[in-house]
1. Enter the accessible area per residue of the chain (Å², integer; probe 1.4 Å; all protein chains in place).
2. Would you calculate a helix-derived [θ] at 222 nm for the chain, using -39,500 (n - 2.57) for each DSSP H run of n ≥ 4 and dividing by the full residue count, to the nearest 500?
3. Could you give the distance between the Cα centres of the range 70-115 and the range 23-59, to the whole Å?
4. Quick check: residue separation of LYS76 and CYS41 times 0.36 nm, minus the Cα distance between them. What number comes out in nm?
5. Fully extended, how many nm does the chain gain between TRP32 and LEU101 (0.36 nm per residue separation, minus their Cα-Cα distance)?
6. In percent, how large is the relative contact order of the chain, given Cα pairs closer than 8 Å and 6 or more residues apart?
7. Pull up the cross-link candidates among the lysines for LYS109, meaning alpha carbon to alpha carbon under 26 Å and not fewer than 8 places away within one chain.
8. Carbon-plus-sulfur fraction of the accessible area of the chain, 1.4 Å probe, in percent?
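The values are calculated or read from the model by the stated rules, or taken from the named source; none is laboratory data. Because the structure is a prediction, the values reported are computed rather than measured. Please note: Cβ atoms are built from the backbone with ideal geometry, for glycine as well, and neighbour counts cover all protein chains shown. Quick note on the areas: whole protein, heavy atoms, side chains included, nothing else; ligands and nucleic acids left out. Shrake-Rupley method; radii C 1.70, N 1.55, O 1.52, S 1.80 Å.
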Amino acid sequence: MNEKIKIDNILKTNGFLDFKWINPKEIVVSQWVRVKCEFGCSDYGLGTCPPNTPSVQECRDFFNEYENGIIIRLTKSADKNNYPTGWSKEITNKLLDIERLIFLKGYQKAFLFNQTCCSLCNDCTGNRIDCKDKRRSRPSPESFAVDVYQTVRNNGMEINVVSENPSEMNRIAILLTN
Ligand code: SF4
């Protein structure tokens, strides 16, 4: 069985059925995403969000160092005024465990971009140095300036702005393998 199929099976076994292999060099990295982190996002300044992340150019350089990755699309009915934090934490922990499994299969570069900004702690310290869980905290794609909408659409998957609340939402994780 080839290595991609083995990783597919790890994802499926953990309940992740909606995913696609991608070329990380084609991930769209844009300055406007960074600006929208800085202005308009209530998560700005959390421990894995800007300004605690590399520059936009450094993010671009980082993705160019990879050959293979996986977009994982999660779909969940949610009310933004009553966000399903329990569900989100469960997904985060599963994704982190999968990243570890892939690393142990010999993929030393395995790295997860989580489907949400890090929310492992209830009171984030807001910087990398004092982070309470340095081993498991991971950035979101957006915090690395990824234009998630365009990247997902370019890879033939659907994603739309959620205009009604409550509604069905998509959360996107990216798992880089090698
Ligand atoms: S692990 Fe805790 S302190 Fe560290 S970035 Fe995540 S929420 Fe913040």
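1. On the way: 9590 Å² over 178 residues.
Solvent-accessible surface per residue comes out at 54 Å².
2. Details: 5 runs with 54 residues, N = 178.
The per-residue figure over the chain is -9000 deg cm²/dmol.
3. Centre-to-centre (Cα) distance: 18 Å.
4. Details: separation 35, 0.36 × 35 = 12.60 nm, distance 2.10 nm.
Between LYS76 and CYS41, full extension yields 10.5 nm more.
5. Working: separation 69, 0.36 × 69 = 24.84 nm, distance 3.39 nm.
Difference between extended and current length: 21.4 nm.
6. Working: 279 pairs, mean separation 63.7, N = 178.
Taking the mean separation of contacting Cα pairs over the length of the chain, I get 36 percent.
7. LYS109 reaches LYS4, LYS6, LYS12, LYS20, LYS25, LYS89, LYS94, LYS132, LYS134.
8. On the way: 4630 of 9590 Å².
Carbon and sulfur atoms account for 48 percent of the accessible area of the chain.
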